[in-house]
1. Does segment 327-347 contain at least one residue that is under 29 Å from residue 559 (Cβ atoms), of a type outside the set (Asp, Glu), open to solvent by 80 Å² or more (accessible area, probe 1.4 Å) and modelled with pLDDT of 80 or more?
2. Please verify whether segment 532-545 includes one or more residues that are in a loop (DSSP other than H, G, I, E, B) and surrounded by 20 or more Cβ atoms within 10 Å (Cβ to Cβ).
3. Can you name every residue in segment 33-60 that is open to solvent by less than 20 Å² (accessible area, probe 1.4 Å), among the hydrophobic types (A, V, I, L, M, F, W, C) and over 16 Å from residue 73 (Cα atoms)?
4. On the basis of being assigned by the TED database to the domain that holds residue 435 and either over 21 Å from residue 438 (Cα atoms) or touching a residue at least 40 places away in the same chain (Cβ under 8 Å) (or both), does residue 554 make the cut?
5. Looking at residue 129 and the list (1) modelled with pLDDT of 85 or more; (2) open to solvent by less than 60 Å² (accessible area, probe 1.4 Å); (3) in contact with a Ser or Thr (Cβ under 9 Å, 6 or more places away or on another chain), which single condition is not satisfied?
6. Within segment 1-32, which residues are touching a residue at least 60 places away in the same chain (Cβ under 8 Å) and open to solvent by less than 40 Å² (accessible area, probe 1.4 Å)?
7. Only one of 487, 471, 424, 523 is farther than 19 Å from residue 551 by Cα, open to solvent by less than 10 Å² (accessible area, probe 1.4 Å) and of a type outside the set (A, V, I, L, M). Can you tell me which?
8. Give the residue, chosen from 67, 63, that is open to solvent by less than 10 Å² (accessible area, probe 1.4 Å) and within 18 Å of residue 112 (Cβ to Cβ).
Amino acid sequence: MLDFFTIFSKGGLVLWCFQGVRGPAATAPVNALIRSVLLQERGGNNSFTHEALTLKYKLDNQFELVFVVGFQKILTLTYVDKLIDDVHKEFRDKYRNEFQQKGALGLLNGTFDFKDDFLRLLRDAEESSKARAPTVMKTFEQSQKSQKTVKCMIETRGEKPKEKVKNKKNKGSKKEGTEAVAAVSKASTGDKQPPAAGDREELTKDEILQKNREEFFKRHMKAGEKSRSPKPEAQKEKGKKPRVWDLGNSNAKVLDYSNSATNGSAEACPVEEFDADVALGDRNREPGRLYDLEYESDDEAEEKVIQNPSKPSAKKGGLGGMFGMLKGLVGSKSLTREDMDPILEKMKDHLIAKNVAAEIAVQLCESVAKKLEGKVMGTFTTVTSTVKQALQEALVQILQPQRRVDVLRDVMDAQRHRRPYVVTFCGVNGVGKSTNLAKISFWLIENGFSVLIAACDTFRAGAVEQLRTHTRRLNALHPPESHGGRTMVQLYEKGYGKDAAGIAMEAISYARNQGFDVVLVDTAGRMQDNAPLMTALAKLIAVNAPDLVLFVGEALVGNEAVDQLVKFNKALADHSMAQTPRLIDGIVLTKFDTIDDKVGAAISMTYITSKPIVFVGTGQTYCDLRSLNAKAVVAALMKA
């Protein structure tokens, strides 16, 4: 039973609607389909799920129409695909002249009486699904068992059937192995006599092989013992001594920072003297500004080339140049799937080569094909340029998700409510969480906000010391004297082996009491398949309810980005006790300076989560932090 069937234009004008059952109107699910799929260029799959409903849709690009059918997702309706195709064809044929002659005015003033036609098509589709012949079981003659002979079923006494099958599969390899071991044994024994023929016949092949191996290892062990010369003075004492580092301390109590006096005191993080140019990089930058990513496209590079007119080259082929220009042009023709398939296949390979996940590259090309299929082209327009332009628009739309994260605005809003703004960083091992946390701290300090760093990575050796070093350097760049005697960045630490969720809670409480503007929570790196660590991360987020959860991922990954983000979000949803679990809010893309133009990870991450890339790490200095420029990323992605 269908819940509804609606036909509307891409401009949002509903032309006709059918309500199948009494219940809520189709407005909410159709609006969700438009926001999440049609506007976000995610039309690779013609199915969409909204709460308890499954929506299937079909696009008509010639007349800019959308056909949507909705039904309960617990139902398996096999006739829905046939129904939506039949309704699409019938509606187009019935009102084709009205669309072509009146255009948009025909949609506004037209009346579409389609109920009787729809009920007839629905009845035909339901009957066609019932009229299918039931599945017939195979007869014995059609089965594989009937092909076996009686001889292959008889087992000889003393024969092992498993060994028989194994010998058939690995006959050649076993023969070679036996011959090789026998050759080694002959070469090593020399004067030893081979066993009697009668003994050989009594032993099986496996026993002979095992016996030869044992003899071979015995001979080599004896030869090794003879070659060793006894050196009692060189023998070391038994037992392993622990290594003592020059700047370290073997006392575990020294590594425990549970004493609250160390947190928030100026003595805990003394000012460090170092070269500021090395830490900052560009000294001519504007303080506190987050610059966009820059990329020079091929078109801009061509414009910068100095045009020096030289002697005209000889014409090749007379009018061949003119005909070459007109080659591939389409004149007032509707695009078909056959026209686009070769170009889309090349586009898909190009995207995969640029580090876009293979699954997402396929879905992107499928979405572009559905968007363009049936669309009427202009006179002087090539299929390649049209497909490329549509793909570029889709990529830009994907990199500009529904919700934009403005950290500075949200921090000022939290200030008005007299509470700290809390950001939690999570991700896999080695992606640069602590380094980019320090960059974001520097950016926030230059915008006049005080920062408390919570060292919640209580697992990795050196994690607390790394954050302590960053804190000292940031305090050296922005000393309290420059901010009215106020320390702009402090580290809240409790050592190693403690509960990360508890440390984060204490740090947030400490920041509220001391008047800090922002709390940055550093967590331990964890693989997405490690269930205990993912449970601990979900607990930290559920207990402390941060304002922003940032996933830190590196730009070097391809297909792995999809797996990481899907499993991180799934783990946060599964292990959360709340009815509406807290998931990832944004992405920090690191190591962007190491990939040249292979920027596909940005597309993969935003396509999977529909979340924005808030920050982009582009180097090792504190100033190497950028905001995402969607057009620059797409220009790099489309570069040949």
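1. Within segment 327-347, the first condition is being under 29 Å from residue 559 (Cβ atoms), and the residues that meet it are 337, 340-347.
From what's left, of a type outside the set (Asp, Glu): 337, 340, 342-344, 346-347.
Now restrict to residues that are open to solvent by 80 Å² or more (accessible area, probe 1.4 Å): 346.
Next cut, modelled with pLDDT of 80 or more only: 346.
Looking for residues that are under 29 Å from residue 559 (Cβ atoms), of a type outside the set (Asp, Glu), open to solvent by 80 Å² or more (accessible area, probe 1.4 Å) and modelled with pLDDT of 80 or more, one finds at least one in segment 327-347, hence yes.
2. To start, the set of residues in segment 532-545 that are in a loop (DSSP other than H, G, I, E, B) comprises 545.
Those left that are additionally surrounded by 20 or more Cβ atoms within 10 Å (Cβ to Cβ): none.
Looking for residues that are in a loop (DSSP other than H, G, I, E, B) and surrounded by 20 or more Cβ atoms within 10 Å (Cβ to Cβ), one finds none in segment 532-545, hence no.
3. 37
4. Numbers: assigned by the TED database to the domain that holds residue 435: yes; either over 21 Å from residue 438 (Cα atoms) or touching a residue at least 40 places away in the same chain (Cβ under 8 Å) (or both): yes.
Considered against the rule, which asks whether it is assigned by the TED database to the domain that holds residue 435 and either over 21 Å from residue 438 (Cα atoms) or touching a residue at least 40 places away in the same chain (Cβ under 8 Å) (or both), residue 554 comes out as yes.
5. The number of the failed condition is (1).
6. As a first pass, look at segment 1-32 and keep what is touching a residue at least 60 places away in the same chain (Cβ under 8 Å): 1-9, 11, 13, 15-16, 18.
2, 3, 4, 5, 6, 7, 8, 9, 15, 16, 18 - these are the residues of segment 1-32 that are touching a residue at least 60 places away in the same chain (Cβ under 8 Å) and open to solvent by less than 40 Å² (accessible area, probe 1.4 Å).
7. On the way: 487 fails: open to solvent by less than 10 Å² (accessible area, probe 1.4 Å); 424 fails: farther than 19 Å from residue 551 by Cα; 523 fails: farther than 19 Å from residue 551 by Cα.
From the options 487, 471, 424, 523, the qualifying one is 471.
8. On the way: 63 fails: open to solvent by less than 10 Å² (accessible area, probe 1.4 Å).
Answer to the check: 67.
The values are calculated or read from the model by the stated rules, or taken from the named source; none is laboratory data. Because the structure is predicted, anything quoted here is derived from the model rather than measured. For neighbour counting, all protein chains shown are included, and Cβ atoms are generated from backbone atoms with ideal geometry for every residue, glycine included. The area values use the complete protein model at the heavy-atom level, side chains included, leaving out ligands, DNA and RNA. Shrake-Rupley method; radii C 1.70, N 1.55, O 1.52, S 1.80 Å.
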